[in-house]
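This report refers to the structure that appears directly beneath it.
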Amino acid sequence: MTDDPLVWSEPFSIRAYEVGPDETASVLTVCDLLQEAAGEHARASDREGFPLPDGGWATWVLSRLRVVMHRRPAMREQIAVETWPSAMDGLRASRDFRVTGADGALLAAATSLWFLIDVDRRRPVRLPAAMEGFAAAGKSRALTFDEPPETPTQVEHSTPFAVRRSDLDRVGHANNVRFVEWMLEGLPDDAGLREVEVLYRSEAVYGDKVVSEAGPLIEGHRFHQLRRASDGRTLALARTLWTPCSAPS
């Protein structure tokens, strides 16, 4: 952690099973580490979850995420994820991230938007009084959101998935990083991912059949949609930015 209790720094070493054939970690690994650092900060500050008046429990659910990659960390590289609550209103809380190497160079920046939901009713609840003032107001934003991602107007790639038990988080729905994984799987390897912004719409649970759809690459961007096969419900939308594979991704 840091001297400021509202700013948390979590060290990580990139492990062999977190890299691909090029021995670098993908955006999926980075997203996992962002989630871990955020969870540790929430736990350490006693804001991981909150009791409700009816005896229930509220926990955090990710609503939106934007990650910009500057350089993919290498296997066994020592990195740090710095995170802080950056803004909040009655229902939503923002959290920002900076990922740096051992030399302090910026590897990735991210921003995220979270809701508290009633675990039993699966409905958003207002932020409790304990969240008042829990924002690092003097800390510069790591990143801001662009316009919300759009539904692809045409589908160039379509890949089906079944939600497995190993995809579930501790509240019983598919982990938010698995959504990103499904969106990226099946795309060609002729470009490198530099940025992803995801808008989460609905949860997926064990046994759901999910279809990942991606539009064509236009001026370096793609739009993505995850939908549930049984009813066509949109689970998430995303926009990705790609560069030629010769550039770092």
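Can you list the trypsin sites (Lys or Arg not before Pro) in segment 33-106 that are in a DSSP coil and have 12 or fewer other beta carbons within 10 angstrom? Could you put the intermediate results ahead of the total?
Working: sites: Arg43, Arg47, Arg64, Arg66, Arg71, Arg76, Arg92, Arg95, Arg98; in loops: Arg47, Arg71, Arg76.
Loop-located and lightly packed - Arg76.
Can you put His70, His41, His173 in order, fewest other beta carbons within 10 Å first?
Lowest to highest Cβ neighbour count: His70, His173, His41.
Would you mind calculating the gained length between Glu36 and Ala129 on full extension (0.36 nm times residue separation, minus the Cα-Cα distance), in nm to one decimal?
Working: separation 93, 0.36 × 93 = 33.48 nm, distance 2.45 nm.
My answer for the length gained is 31.0 nm.
For Ala44 and Asp189, calculate 0.36 nm times their separation in residues minus their Cα-Cα distance, and state this gained length in nm to one decimal.
48.2 nm
Mind listing which GluC sites (Glu not before Pro) in segment 66-169 are in a DSSP loop and have 15 or fewer other Cβ atoms within 10 Å?
The qualifying sites are Glu132, Glu150, Glu156.
Most fluctuating residue of Arg72, Arg121, Arg233 in a GNM of the chain with Cα springs under 10 Å: which is it?
Per the Cα network of the chain with a 10 Å cutoff, Arg121 tops the list.
Mind pulling the per residue volume of the convex hull built on the Cα atoms of segment 148-195? Å³ is fine. Provide the component values of the computation, followed by the final result.
Working: hull volume 6.1 nm³, N = 48.
Here the figure is 127 Å³ per residue.
I'm checking a number: the convex hull volume of the Cα atoms of segment 157-244, normalised per residue, in Å³. What is it?
Looking at segment 157-244, the number lands at 88 Å³ per residue.
Which residue, Gln154, Gln225, Gln78, has the most motion in a Gaussian network model of the chain that connects Cα atoms within less than 10 Å?
Ranking Gln154, Gln225, Gln78 by mean-square fluctuation puts Gln154 first.
Where in segment 70-99 does the label zone of Arg141 land, with the point 7 angstrom along Cα→C-beta and an amide N cut-off under 20 Å?
70, 82-99
So what is the diffusion coefficient of segment 1-153 in µm² per second by Stokes-Einstein at 10 °C and 1.306 mPa s, using a Kirkwood Rh over Cα pairs?
Numbers: Rh = 16.5 Å.
For the chosen part, D equals 96 µm²/s.
By how many nm would the segment from Ser230 to Arg71 grow when fully extended, if each residue of separation counts as 0.36 nm and the alpha-carbon distance is taken off?
Values: separation 159, 0.36 × 159 = 57.24 nm, distance 3.87 nm.
53.4 nm is the gain from fully extending Ser230 to Arg71.
Coordinate-derived values only; no laboratory data. These numbers were taken from a predicted model, which means no experiment stands behind them. Ideal geometry is used to build each Cβ from the backbone, glycine not excepted, and the neighbour counts take in all protein chains shown.
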